[in-house]
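Trainee: One structure, pasted below without further comment.
Any read-out appearing in this document is the output of simple, stated calculations on the displayed coordinates, not a laboratory observation. Fair warning: this is a prediction, and the values are worked out from it, not measured in the lab. A quick note on method: Cβ atoms are made from the backbone with ideal geometry, for glycine too, and the neighbour counts reach across all protein chains shown.
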Amino acid sequence: MSMWRCSVCGLIYEGEEAPDVCPKCGAGKDKFEKVAEDKETLINRSRFSNGLHMELYGMMTKIVELAQKGIDDNLDPACVKIFNEEKEAALMFQRKIMAELQTHMNKSKWG
Ligand SMILES: [Zn+2]
């Protein structure tokens, strides 16, 4: 399978041949260019890494939810302190993940 890039909108299409029309912007087949093999590898690696970030982002959401339950339960100050720290750490990682993914998209590494 090869990768084809729409020169109009940047969409990456995977297939034996370029599509007749770009599914994103409607440009014709002649507007597609084959993605070089080294670039293809980079795109695949970025997708893998982005997938890991998204999975971890979901786990952080779970951490925030669990920590919030602990905060609401309010057993004693020591417990609540830890729950607050866990919540803050998870939110911080989520902000970092979003910033990094934004960087990838700006660099058009995101297929
Ligand atoms: Zn396009």
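Trainee: Of the residues in the range 14-57, how many are within 18 Å of the chain's Cα centre (by Cα) and more than 25 Å from GLU100 (Cα to Cα)?
Mentor: Count: 0.
Trainee: Given the range 1-79, what strands (runs of 3 or more DSSP E) lie entirely inside it while holding 1 or more residues that are without any contact (Cβ under 8 Å) to a residue 24 or more places away in the chain and surrounded by 14 or more Cβ atoms within 10 Å (Cβ to Cβ)?
Mentor: Correct list: 12-15.
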